[in-house]
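See structure below.
The values are calculated or read from the model by the stated rules, or taken from the named source; none is laboratory data. Keep in mind that what you see is a predicted model, and the values were worked out from it rather than measured. Because the Cβ atoms are built from the backbone with ideal geometry, glycine has one as well, and the counts that use them run over all protein chains shown. Side chains included, ligands, DNA and RNA excluded: accessible areas come from the protein's heavy atoms. Shrake-Rupley method; radii C 1.70, N 1.55, O 1.52, S 1.80 Å.
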Amino acid sequence: MKAIVTPQWLQDSVKSGRLLPYGSYVAIRDLEDETSRNQDTSSGSSFYSRSGAERESSWQTEQDELIDATEVELLLHNAKYSCLRPSPLVCPNQSLVKEIDIIRRGRNIEGEERSMLSYSRAISLTPHVITEHNIQDLRKLPFLGEKILSMIEEFLKTGRITEAQKMLADPRFQSLSAFTTIHGIGPHTARRLYDLGLRTLEELERYYEVKPGVSDEETMSLLDAAASANTEAAVEQSINIGLALRHDLSQTIPREEVEEINRTIMRELSHIQKGCKSVIAGGYRRGKPQSNDVDIVITHTDWNLGSQKVKGLCKKLVQRLHEQGFVTHVMHLSGFHKHNALRTHHWDSLEKALTVFVWRHDSSRRRVHRRVDLIFAAPEVFWTAVVGWTGSTMFERDLRLWAKQQKGMKFDSSGISRRHDSKLYHPRTERDVFKVLGLVYIHPTLRNADA
Ligand code: 8GT
Ligand code: MN
């Protein structure tokens, strides 16, 4: 039997550190009605009214507002893979998680991948309440190392982790951290810039000859160089844009604006191709009140012909958004080849555009530049793309690991395949994605396995 409950059940359970009886949280409202209303928040406004036939084709439905409590009970709190565990947005150990995250960031900017991963893992493993009394349980987890355990102990005693505090005070950590906040600057580039003697973002601006707030808007020429995406010049260009717009791009985006950006983009898209639909993925979908960017996954509602209809749409849409004054820059545009054999720079072979969006002068909104990622997927891989772009990063990592190590399958945003015979799966719903991978469905708001 299913027990469909309201998100409040989850919030209260998280607060009390255990799953509560769900009797008083059962959603008694008319489910059918509720489901169709919820859908509207994630698809373009022009596609609200669906014909009966369309409504029946179940692959479009997304019922992810309500939570099935019986399913949550099937999840394993101490499992190694975060795709087997429920990870709520805010956990009772948030201050501990933040402290460990400082060390994780330190490892990341120094390029110490393996060490960084063990801190990421430790972070994802701490959603339940940890006290001095149950630290023994934590010690039983074979995948938490001695060093991190003693840090947790130190935190429980003193409310601080010495190594994290040292790191925060380290000028090198401060410079590298600041540098990596700029779009296009990863740990490697940050260290290279530091070695050149650069220390502050102001110095970076001078080095790149960038004026804050001013960026030449000729970057649309990148559109034509699309195939050569991720060349040195393109990376350089995106650093330039990231630096020039850093004061805008560092401001977070509230949920209402995320939704409005999605509606606006889908309205523009409907002028090019009717019958598309979208899901806002990323942190928004995991329930974050504020996002750093907007990730929109788009497909066509026609299961059979959709694949043809989305082909080449990404570029057309970006061009139109630019003409209409909504997109000022394109940092990256890719996926116009069916398969990226080397798979070096990107995780999947979907058509996508990483853009800078801004409200037009005629809009009542403030003109703050926003990072918006547009991802196009054929219907057969729409839900794998949505799962792949919903995150969190640790959740995705474990999903790929789980598929490979436990199921002999390969998961990425552009599809699921079986390794031994390359059989491809075409899930029609998000639940199908989990089913194919042999996993209990995990509600998006329970995929917050990062800090
Ligand atoms: P935020 O935007 O508020 O910071 O939070 P977020 O939405 O969780 O982070 P994000 O950096 O926007 O990433 C969203 C998800 O997309 C992450 O889970 C990440 O794993 C995934 N993702 C990328 N880049 C790429 C990519 O190139 N391909 C695929 N398939 N997934 C990606 O960030
Ligand atoms: Mn995002």
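Observations on the structure shown:
- Residue match in region 341-348 (condition: at pLDDT below 95, touching a helix residue (DSSP H, G or I) at 6+ places or on another chain (Cβ under 8 Å) and closer than 20 Å to VAL318 by Cα): yes
- Members of region 124-150 found to be buried (at least 18 other Cβ atoms within 10 Å of the Cβ) and either modelled with pLDDT under 90 or not in a helix (DSSP H, G or I) (or both), listed by number: SER124, LEU125, THR126, PRO127, HIS128, ILE130, LEU138
- When residues of region 281-319 are limited to those that are closer than 29 Å to LEU89 by Cβ and β-branched (Val, Ile, Thr), the one nearest to ligand 2 (Cβ to nearest atom): VAL294
- Hits in region 391-436 (condition: under 19 Å from ALA281 (Cβ atoms) and among the acidic types (Asp, Glu)): GLU396, ASP398, ASP412, GLU430, ASP432
- Exclusive hit being within 16 Å of THR355 (Cα to Cα) and either touching a Lys or Arg at 6+ places or on another chain (Cβ under 9 Å) or more than 12 Å from ligand 2 (Cβ to nearest atom) (or both), set SER250, SER278: SER250
Conditions tested, residue by residue: (1) within 16 Å of ligand 1 (Cβ to nearest atom); (2) of a type in the set (Lys, Arg); (3) outside any loop (DSSP other than H, G, I, E, B).
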residue	(1), (2), (3)
HIS247	no, no, yes
GLU257	yes, no, yes
GLU260	no, no, yes
MET266	no, no, yes
LEU269	no, no, yes
LYS277	no, yes, yes
TYR284	yes, no, yes
THR299	yes, no, yes
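- Conditions (1) open to solvent by less than 30 Å² (accessible area, probe 1.4 Å); (2) within 21 Å of HIS322 (Cα to Cα): number failed by ALA281: (2)
- Considering the conditions (1) on the phi < 0 side of the Ramachandran plot; (2) out of contact with any strand residue (DSSP E or B) (no Cβ under 6 Å at 6 or more places or on another chain); (3) in contact (Cβ under 8 Å) with a residue 60 or more places away in the chain, GLU323 is excluded by exactly one of them, (3).
- Residue list for region 349-358, filter: at pLDDT 95 or above and assigned to a loop (DSSP other than H, G, I, E, B): VAL358
- Lone unmet requirement of (1) within 11 Å of ligand 1 (Cβ to nearest atom); (2) in a helix (DSSP H, G or I); (3) open to solvent by 10 Å² or more (accessible area, probe 1.4 Å); (4) in contact with a helix residue (DSSP H, G or I) (Cβ under 7 Å, 6 or more places away or on another chain) for LYS315: (1)
- Among the strands (runs of 3 or more DSSP E) confined to region 359-451, the ones with at least 3 residues that are within 16 Å of ligand 1 (Cβ to nearest atom) and of a type outside the set (S, T, N, Q) are located at 370-376, 409-412.
- Search result, residues across region 6-32 that are modelled with pLDDT under 75, among the hydrophobic types (A, V, I, L, M, F, W, C) and either in a helix (DSSP H, G or I) or within 14 Å of PRO86 (Cβ to Cβ) (or both): VAL14, LEU31
- So GLY111, is it outside any helix (DSSP H, G or I), in contact (Cβ under 8 Å) with a residue 40 or more places away in the chain and within 20 Å of PRO187 (Cα to Cα): yes
- Remark: pairs (first residue in region 78-97, in a helix (DSSP H, G or I); second residue open to solvent by less than 60 Å² (accessible area, probe 1.4 Å) and among the β-branched types (Val, Ile, Thr); Cβ separation under 6 Å; 6+ apart in sequence or on different chains) = VAL97/ILE123; VAL97/THR126.
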